[in-house]
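To start, the structure under review is shown below, and the notes come after it.
The values are calculated or read from the model by the stated rules, or taken from the named source; none is laboratory data. Treat the numbers as computed from the prediction; the structure is a model and nothing was measured. Because the Cβ atoms are built from the backbone with ideal geometry, glycine has one as well, and the counts that use them run over all protein chains shown.
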Amino acid sequence: MRKITLLLLSVFFYLEAHAQLPETFDTALPGTWATFIGTNGEGTTEDWAHQTAGYMRVLWEDVPTLAEDWLVSPQVAITTTTSLLVFDQTDSATTDYGSTLTVRISTGSSQTTHADFVIVDTQNETDVTNGTALQFSRHEVDLSAYEGQTVYIAFVWAQDDGDALFLDNIDLENQNATAPEPVITPTPSDTATEVIIDAADDNMDGAPDNSVTFAWEAAATGDAPTSYDVYLGDSPTTLNLLGNTGNTTVDITGMEYSTLYYWQIVAKNAGGDAVNSSIWSFTTQAELSVGEVNSNDFKFYPNPTTGLIQFESTLPITKLEVINLFGQQVLRTDNEILATNQLDISSLKAGTYIMVVTIGDNVSSYKVVKQ
């Protein structure tokens, strides 16, 4: 879920229009998008609404005949490298209540003239749900017939007392792409040892997450990936697919101490999967045998931070150090820092670090994000 932006009268408007996708709805619906109802005027109670979790939703309505809720993009350019429309979709129940989702295209100058739009794709509720309610799945629509044109894209949910629709991550991709090159620059680095396990309970389930942050970079050559399959296992031949992500970093929980892991990232796009993707390995740190610092004894903020961390401790701090995800010490405190209760990490590159705090015989680690 990440964004780009829109273009001067003819030239400025043209450029701006080309920068409207991807749209991830991380924040409020952009003003360049439009929402309205169908020509029969039915369905005035519910409308497309932005959800704080970062997607768009429209609810059902009981109407005399049929309600249409239109969600229309700003003008976008369809080229040989942006002719595949992709988006994530789901609805709230596996039952088919008769709703339909249509994608419509207009090459006209108006964003809100119903008659200008032509239906290019139609799905019923079972298509949208894809077998699992409230779980997003990807849908693709071929717009190659509009290459060389600037268009509006409409998503129209038509129903009478039907179901709720959810949309997210709308983008235009290169369906003529060739498969990407393998990813590079793994973190943890290949054959790394003593890789830090973050035991913080970020998911608030009452148990340590025991997570490791994995990161990589797309190759500098070839067509760009659009997503990545993440594999992990205890040998190069027993890798398990954990899932697919559009990000180049992911936290994997449930990691074990003093364990050798193997992992692989396979870059993907419309042209296929990267071939000969490297399989890397690393070994996690040994579990600390000492006790943990009581959370009531030590606190720090803000996190994330742009540089300055304020910390508080009810007991004298024996040692405080910052290490990177490779387990390398990048910063160690001195008496002045401990006396002022301020730690300056502004000299570090943006990224995730681990702050290790020792109070007496007790040691705890905390994930710190430097922006």
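Key figures
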{"item": "Among (1) crowded, with 21+ Cβ neighbours inside 10 Å; (2) at pLDDT 95 or above; (3) within 28 Å of ASN130 (Cβ to Cβ); (4) of a type outside the set (A, V, I, L, M, F, W, C), the one test that THR102 misses", "result": "(1)"}
{"item": "Residue among ILE184, ILE196 that alone is modelled with pLDDT under 95 and either under 18 Å from the mean Cα position of the chain (by Cα) or not acidic (Asp, Glu) (or both)", "result": "ILE196"}
{"item": "Number of positions in the range 173-188 that are in contact with an Asp or Glu (Cβ under 8 Å, 6 or more places away or on another chain), of a type in the set (S, T, N, Q) and not in a strand (DSSP E or B)", "result": "3"}
{"item": "Among residues of the range 237-247, those that are modelled with pLDDT of 90 or more and not hydrophobic (A, V, I, L, M, F, W, C), counted", "result": "3"}
{"item": "Scope the range 105-128; condition out of contact with any Asp or Glu (no Cβ under 7 Å at 6 or more places or on another chain), assigned to a strand (DSSP E or B) and surrounded by 16 or more Cβ atoms within 10 Å (Cβ to Cβ); matching residues", "result": "ILE105, VAL120, ASP121, GLN123"}
{"item": "Boolean, ASP26 is at pLDDT below 95, of a type in the set (D, E, K, R) and part of a loop (DSSP other than H, G, I, E, B)", "result": "yes"}
{"item": "Subset of the range 303-326 (residues that are touching a helix residue (DSSP H, G or I) at 6+ places or on another chain (Cβ under 8 Å) and assigned to a strand (DSSP E or B))", "result": "LEU320"}
{"item": "Flag if ALA145 is farther than 19 Å from THR245 by Cβ and in a helix (DSSP H, G or I)", "result": "yes"}
{"item": "Which listed residue, of ASP161, ASP116, ASP142, ASP121, is out of contact with any Ser or Thr (no Cβ under 8 Å at 6 or more places or on another chain), outside the structural domain of ALA270 (by TED's automatic domain parsing) and modelled with pLDDT of 90 or more", "result": "ASP161"}
{"item": "Filter result for SER313 (polar (S, T, N, Q), exposed (fewer than 12 other Cβ atoms within 10 Å of the Cβ) and touching a strand residue (DSSP E or B) at 6+ places or on another chain (Cβ under 8 Å))", "result": "no"}
{"item": "Residues within the range 141-169 that are out of contact with any Phe, Trp or Tyr (no Cβ under 9 Å at 6 or more places or on another chain), closer than 24 Å to THR39 by Cβ and small (Gly, Ala, Ser), tallied", "result": "1"}
{"item": "Of the criteria (1) at pLDDT 95 or above; (2) not assigned by TED's automatic domain parsing to the domain that holds ALA145, which one ARG2 fails", "result": "(1)"}
{"item": "Some residue of the range 248-265 being modelled with pLDDT under 90, under 16 Å from the mean Cα position of the chain (by Cα) and of a type in the set (Ser, Thr, Tyr)", "result": "no"}
{"item": "Index of the failed condition, PRO225 passing every other in (1) assigned to a loop (DSSP other than H, G, I, E, B); (2) within 16 Å of the chain's Cα centre (by Cα); (3) surrounded by fewer than 15 Cβ atoms within 10 Å (Cβ to Cβ)", "result": "(3)"}
{"item": "Answer from ILE153, ILE170 - the residue that is over 22 Å from the mean Cα position of the chain (by Cα), hydrophobic (A, V, I, L, M, F, W, C) and either assigned by TED's automatic domain parsing to the domain that holds THR352 or assigned to a strand (DSSP E or B) (or both)", "result": "ILE153"}
{"item": "Hits in the range 269-302 - residues which are part of a strand (DSSP E or B) and modelled with pLDDT under 95", "result": "ASN269, GLY272, THR284, PHE298, LYS299, PHE300, TYR301"}
{"item": "Residue in the range 117-128 that is under 21 Å from the mean Cα position of the chain (by Cα) and closer than 23 Å to ILE37 by Cα present", "result": "yes"}
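Conditions (1) out of contact with any strand residue (DSSP E or B) (no Cβ under 7 Å at 6 or more places or on another chain); (2) within 22 Å of TRP263 (Cα to Cα); (3) not hydrophobic (A, V, I, L, M, F, W, C), marked per residue:
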{"residue": "GLN159", "(1), (2), (3)": "no, no, yes"}
{"residue": "ALA164", "(1), (2), (3)": "no, no, no"}
{"residue": "PRO180", "(1), (2), (3)": "no, yes, yes"}
{"residue": "PRO186", "(1), (2), (3)": "no, yes, yes"}
{"residue": "ALA192", "(1), (2), (3)": "no, yes, no"}
{"residue": "GLU217", "(1), (2), (3)": "no, yes, yes"}
{"residue": "SER227", "(1), (2), (3)": "no, yes, yes"}
{"residue": "THR237", "(1), (2), (3)": "yes, yes, yes"}
{"residue": "ASN240", "(1), (2), (3)": "no, yes, yes"}
